[in-house]
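The values are calculated or read from the model by the stated rules, or taken from the named source; none is laboratory data. It should be emphasised that the depicted structure is a prediction, and the values quoted were computed from it without experimental measurement. Here the Cβ positions follow ideal geometry from the backbone for every residue, glycine too, while neighbour counts run over all protein chains shown. Note: areas computed on protein heavy atoms with side chains; ligands, DNA, RNA excluded. Shrake-Rupley method; radii C 1.70, N 1.55, O 1.52, S 1.80 Å.
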Amino acid sequence: AEQIYYFSSSGAGDRGAAVHFLDGLDVFAYDSISIKGDSASNGLDQYGGNHGIIIYSTTTDIRSFNSSISLTGYANGYTTNGHFTSNWPGAGVAIHSDHNTIRAKTDLNVTGVNPAGIGVWLREGGPNDGLRSDTGNITIKGLSNSVYWSTYIRQKITATLGDIYISGAGYGGGVFYDNENALTAGGNIDFVGYSTAEQGLYFEGNTLT
């Protein structure tokens, strides 16, 4: 199996990311791929790095040809200053656009936690596949406690034969979904959102199929 774990210890609010993908960096495996980034290793009750995992790229492919993919990111940073694009919100898992492709044969799981920012930030669309599972389910879970939504869905998500499950819980909003790109599933599409201040679920557009 292909297992990749990265850890970063951060003590300030603008300390980059634990796992950082740039253009030209790909990951391919026949078996499973597991990537974990922790830039809040001093604890989620203390400020840390901006991103657990960030795919700050428009050319990255992550693909398992016969198994699953898991991306798990922990951070506790608000907005960037000297890293990536200035004034970007921090995220547990951030994917720049679906110019990138993350494709699993079976299940695809994305989990992001950032109390000071965004849990999972699928930032914007693009011409490639985005998140795709050939035979399994896709699960996306975001957790935050900030003015931002916990989970932003603005990229293509396709579970050809399986289900899509998307959740977000936090203060400023649960799940934000707009119509920039479509969600397509062979099975069910389920949303669960919870917020202590704003909407649990916010839908803009009609591209669920």
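Before anything else, pin down the relative contact order of region 38-124: Cα pairs under 8 Å, at least 6 apart, normalised by residue count, whole percent.
34
Please work out the average accessible area per residue across region 51-209, using the 1.4 Å probe convention, and give it in Å². Spell out each step's value before the answer.
Numbers: 5770 Å² over 159 residues.
Dividing the accessible area of region 51-209 by its residue count gives 36 Å².
A simple spin-label model places the labels of residue 66 and residue 135 1.1 nm from each other, with each point 7 Å out along Cα-to-Cβ. With the simple spin-label model, which puts each label point 7 Å out from Cα in the Cβ direction, the residue 160 to residue 22 separation comes to 3.4 nm. Magnitude of the charge dipole for region 134-209, about its Cα centre and with charges confined to Cβ atoms of Lys, Arg (+1) and Asp, Glu (-1), is about 120 debye. Placing +1 on the Cβ of every Lys and Arg and -1 on the Cβ of every Asp and Glu, with no other charges, gives the chain a dipole of roughly 160 debye about its Cα centre.
Which listed residue (174, 203, 146) has the Cα farthest towards the positive end of the charge dipole for the chain, taking +1 on Lys and Arg C-beta and -1 on Asp and Glu C-beta about the Cα centre? Positive-most Cα among the choices belongs to 146. Each of residue 178 and residue 45 was given a label point 7 Å from its Cα along the Cα-to-Cβ line. The distance between the two points is 3.7 nm.
Note on the chain: dipole from Cβ charges, positive end direction compared against 16, 121, 58; the farthest Cα belongs to 16. With equal scatterers on the alpha carbons only and no solvent term, can you work out the Debye log10 of I(q)/I(0) for the chain at 0.11, 0.12, 0.14 1/Å? Log10 I(q)/I(0), no solvent term: -0.44, -0.53, -0.73.
Exposed loop chymotrypsin sites (Phe, Trp or Tyr not before Pro) only (DSSP loop, at most 14 other Cβ atoms within 10 Å): please give the longest stretch of the chain free of them, not including the sites.
Working: sites that count: 30, 65.
Longest gap between qualifying sites, sites excluded: 66-209.
Charges were assigned to the Cβ only: +1 to each Lys and Arg, -1 to each Asp and Glu. The resulting dipole of region 95-141 about its Cα centre is roughly 100 debye.
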